[in-house]
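Structure record follows, encoded as C-alpha cells.
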Amino acid sequence: MTHDGYSRSVTYVTLRSVQGWELFSGLPEAELRRVLAVARRRKFDRREVVFHRGDPADTLHLVSQGRFAVRVTTQLGETATIGVHGTGEAFGELALVEPGSARSTTVTALEPSETFALHRDDFERLRQTFPSVNDVLVRLLGGRLRRASELLVEALFTPAEIRVRRRLLELSALYRGHAVPLSQQELADIAGTSRATVNRVLRSEAERGAVELRRGQTLVVDRDDLARRASLPS
C-alpha cells in the first residue's frame, strides 16, 4: 500500500533537486518553494501502483526519485509498457487539462521511488500567476503525442529485435549509464515483444561485447556498437 504520510515539509528537499523539473524550469526560486509547499510527498515501494487506469485524474506527479513505468492493458488482456519516467520528469499531466477525466494508463514504480503530487487546483493557481507554465505544459503534451506516434509506427513497421535494442539504449540513458535493473520480461513489456525475443537479443549482444548480462540487470558496455544495430537497414 502507498505510504501514509503526505508531508508538506520541504526542509529535506534541496531546490537543486527540483529545479530540473522541465515543467517548472522557468519559475523563480521563491515560486518553486511554494510549489513544494503545496505538493504532497508520496513514497512508493518497488512494483507499487501509483494509480490504475480508470481512476479519477486530478493530480500531476513530479518524479523526485526513482523511475515509473506507464502501462496499458490490451483487449487481449496483455500488458504493454508505453513509457518510463525518471527523476526530473512528470506524469499524469492530462489531469491538468481535462477536468473530471479518468486515468488512461496504469503507473507503477519500478524501484523504491517518490513523487511530489500536485493537485489540479494548485496547478491552476500557478498557471494564473505564471502564464509561462502554460507554454511548457503545451510542449510537454506535444512531446507525449509525438512519442506516442513514433511508438505506434515502430510497433507496426520495426522488427522486434530493433525495438529491444532501442529501448535498451533509452533505458541505459535513463539509468545514467548504470546497469538497467529490469528483468527480461519487463524489457519485453517495454519493447512490446516476447521474453524469448529479448533473451535472444541480449545473448547475441553479450556475445558481441555490446552488453553485459548480470542477475536481473543489463549493462550497456558499448553504446555506439549497440546503436548501429538499433537502426533500420537503409
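Would you confirm whether or not segment 167-180 contains a residue that is within 19 Å of residue 147 (Cα to Cα) and of a type in the set (Lys, Arg)? So far as segment 167-180 goes, yes, one or more of its residues are within 19 Å of residue 147 (Cα to Cα) and of a type in the set (Lys, Arg). Taken over segment 79-104, the criterion of being assigned to a strand (DSSP E or B) and either crowded, with 20+ Cβ neighbours inside 10 Å or modelled with pLDDT of 85 or more (or both) is satisfied by 81, 84, 85, 90, 91, 102.
Checked against (1) among the hydrophobic types (A, V, I, L, M, F, W, C); (2) more than 27 Å from residue 170 (Cα to Cα); (3) modelled with pLDDT of 70 or more, residue 63 passes all but condition (2).
What do you reckon, is residue 149 at pLDDT below 90 and either farther than 25 Å from residue 76 by Cα or exposed (fewer than 14 other Cβ atoms within 10 Å of the Cβ) (or both)? Yes. Of 98, 161, 114, all but one fail to be closer than 18 Å to residue 38 by Cα, touching a residue at least 24 places away in the same chain (Cβ under 8 Å) and out of contact with any Leu (no Cβ under 9 Å at 6 or more places or on another chain); the exception is 114. From the list 37, 117, 148, 69, exactly one residue is in contact with an Asp or Glu (Cβ under 8 Å, 6 or more places away or on another chain) and among the hydrophobic types (A, V, I, L, M, F, W, C). Which is it? Exactly one residue qualifies, and that residue is 69.
The values are calculated or read from the model by the stated rules, or taken from the named source; none is laboratory data. Bear in mind that the values here come from a model prediction, so they are computed numbers and not experimental data. Cβ atoms come from the backbone with ideal geometry, glycine included; neighbour counts cover every protein chain shown.
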